[in-house]
Every structure is written in structure tokens, then in C-alpha cells.
1. I'd like to check something: does the stretch 181-196 contain any residue that is loosely packed, with under 15 Cβ neighbours inside 10 Å and modelled with pLDDT of 95 or more?
2. When residues of the stretch 115-138 are filtered for being in a loop (DSSP other than H, G, I, E, B) and closer than 21 Å to residue 162 by Cα, how many remain?
3. Which members of the stretch 139-162 meet the condition of being assigned to a loop (DSSP other than H, G, I, E, B) and within 20 Å of residue 115 (Cα to Cα)?
4. Which one of these does residue 167 not meet: (1) closer than 26 Å to residue 67 by Cα; (2) in contact with a strand residue (DSSP E or B) (Cβ under 6 Å, 6 or more places away or on another chain)?
5. Can you say whether residue 143 is in contact (Cβ under 8 Å) with a residue 40 or more places away in the chain and out of contact with any strand residue (DSSP E or B) (no Cβ under 8 Å at 6 or more places or on another chain), as far as the supplied structure shows?
6. Please find, among 86, 62, the residue that is under 30 Å from residue 166 (Cβ atoms) and modelled with pLDDT under 55.
7. Quickly run through the stretch 174-192 and pick out the residues that are in a helix (DSSP H, G or I) and more than 36 Å from the chain's Cα centre (by Cα).
8. Just name the residue that is nearest to residue 143 (Cα to Cα) out of those in the stretch 164-173 that are in a helix (DSSP H, G or I) and touching a residue at least 12 places away in the same chain (Cβ under 8 Å).
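The values are calculated or read from the model by the stated rules, or taken from the named source; none is laboratory data. Everything quoted here is computed from the prediction, not taken from an experiment. Virtual Cβ from ideal backbone geometry, glycine too; neighbours counted across all protein chains shown.
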């Protein structure tokens with residue numbers, strides 16, 4: 001076989017290999033899904049998130065008034081301080097510190113609040129600019145109710161609507177007669193008592 005014949009055979013072989021490669025490529029390409037992907041609709045691109053349904057079983061009411069919580073410093077039988085805010089207990093009246101049972105009422109409230117985180121649900125401000133709040137111990141007990149039960153505070157229906165009246169111990173209004181007089185607007189009774197106290201102090 002001459003040189004030209006050899007060269008021709010080599011070229012033919014190369015051409016056949018190339019043709020075979022092209023045929024394989026065409027065959028493989030046809031086996032694939034060459035159709036373009038379907039266009040997404042606007043809803044598919046931006047799916048609408050369904051709102052979570054309301055569950056009345058696990059829902060909790062939102063507080064209608066601001067809430068303060070913390071340890072309490074006791075001022076007297078119906079006044080505490082939480083986070084530098086002076087708070088008067090809602091709906092009750094305890095004796096003043098210089099009145100009969102005033103110190104006893106204070107120490108009873110100290111015993112209730114000791115070591116407790118008090119929750120105060122603010123309801124209003126009184127005529128003296130003090131914050132009025134419904135105050136609760138950690139176990140849910142109402143401080144106002146607890147003081148009335150101990151006979152060291154009385155219900156003040158003008159502000160409580162009579163909420164604590166049924167908790168008053170027998171004879172408590174005679175015992176805390178100055179607090180009772182204040183509720184009835186008889187401030188001259190207070191003035192008379194304070195005048196006597198002042199005279200006693202001067203005589204000492």
C-alpha cells in the first residue's frame with residue numbers, strides 16, 4: 001500500500017469516528033426533555049400566606065392598664081412603692097400610721113409582701129396624684145382582699161363598688177372608726193382626734 005493510500009485510510013477513519021460521535025450526541029439529546037420549563041404564575045412566584053386561625057382556647061386577654069411588677073416597699077397599710085412609683089391599694093382604706101392599728105396594718109402588709117414579686121395593675125390616680133392599682137401576690141392573691149380579711153383595712157365602696165365589703169370581719173368599722181369616718185366625709189372627727197394627739201405629745 002502506497003503512502004497516499006495510507007493517508008487516505010487514516011482520514012477516512014477519523015471522519016467515521018467523528019460521524020459516530022455526532023450520531024451518539026443526537027441520540028442522547030433526543031432522549032432528554034428539551035421543552036422549556038412552564039412559566040410560573042404570579043401566585044406561584046408570590047404565594048399568599050394563610051393567616052393563623054384565632055384559637056379561643058389558648059388566647060389570653062391583653063392588659064387594659066399598664067402593669068408594674070417588682071418587690072414592694074411598704075409605706076403604710078394601704079400604700080406601697082414599686083420601682084419608685086408610690087401605689088395605693090385599690091378599693092380599700094387602712095388606718096394612717098398615727099391612728100389606732102396604723103402600725104399593725106403596716107406590718108401586716110410588710111409580712112404579706114416580704115420576699116414576693118408584686119404585680120400592680122394600674123387603674124387610675126387618686127386625688128393626691130398617687131397611682132392606684134390592683135395588687136397581687138405571686139400566688140394570685142389580691143393584697144386589698146388580704147388586708148380586709150385580716151381586719152386591718154375596710155372596703156371603700158366609692159372606689160371598689162363594694163367588691164371587698166363581704167370580706168370585712170365583724171365589728172371592723174368600729175375598730176377602724178377613723179377610716180370609717182373618712183369614708184363618710186366626717187373629717188371633723190379626724191381633726192378632733194389629731195388635736196388630742198397633739199396635746200398629748202406636748203404634755204410628754
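1. Scanning the stretch 181-196 turns up no residue that is loosely packed, with under 15 Cβ neighbours inside 10 Å and modelled with pLDDT of 95 or more.
2. 2
3. 139, 140, 141, 150
4. (2)
5. Answer is no for this residue.
6. Result: 62 is the single residue among 86, 62 that is under 30 Å from residue 166 (Cβ atoms) and modelled with pLDDT under 55.
7. 174, 175, 177, 178, 181, 187, 188, 189, 190, 191, 192, listed by residue number.
8. Only one residue fits best here, namely 167.
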